[in-house]
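**Student:** Questions regarding the structure given below will be posed in turn.
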Amino acid sequence: MKSSRCSPTTMQPKVKAIIEWAEGRGPRKDVTQEALVLAGFGQLSDADIEKKITEMRMRLARLATSNAPMSSRAELITAGILIENTKEGVRWRRK
């Protein structure tokens, strides 16, 4: 049997159709962030990314005094955003 591999480009309409079908039967809360991004839902704007980077910087500044979770970084990575810590500061780009 031949194995069929799907690229994100060919999977996007299929995943989007499945999510739209599922929305008719209940809330979207059970859909993973990865599926939403793959389907083209939940794309972060540049302003949203900058806001999350700012949140991440603030958490990093408080890290020495608390155990704050790094959820903004995790959310950005899940959304396909590459984050680079450089001497000049935090830089980001889309995958």
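Any read-out appearing in this document is the output of simple, stated calculations on the displayed coordinates, not a laboratory observation. Small disclaimer: the values here were computed from a predicted structure and weren't measured. FYI the Cβ positions are ideal-geometry reconstructions off the backbone, even for glycines, and counts take in every protein chain you see.
**Student:** For each of L60, L82, L76, L36, count neighbouring Cβ atoms within 10 Å of the residue's Cβ, then give the residues from fewest to most.
**Tutor:** With the sparsest Cβ surroundings first, the list reads L82, L60, L36, L76.
**Student:** Let me ask something additional. Count charges around I53 for me, please; just the other residues with Cβ under 12 Å from its Cβ, Lys/Arg as +1, Asp/Glu as -1.
**Tutor:** Neighbour charge sum, excluding I53 itself: +1.
**Student:** How do the peptides 48-57, 13-22 rank, highest first, by the average count of neighbouring beta carbon atoms within 10 Å per residue?
**Tutor:** Order by mean packing, descending: 48-57, 13-22.
**Student:** If you stretched the chain out fully between E50 and R62, how much longer would it get, using 0.36 nm times the residue separation minus the C-alpha to C-alpha distance?
**Tutor:** Value of the extension gain: 2.5 nm.
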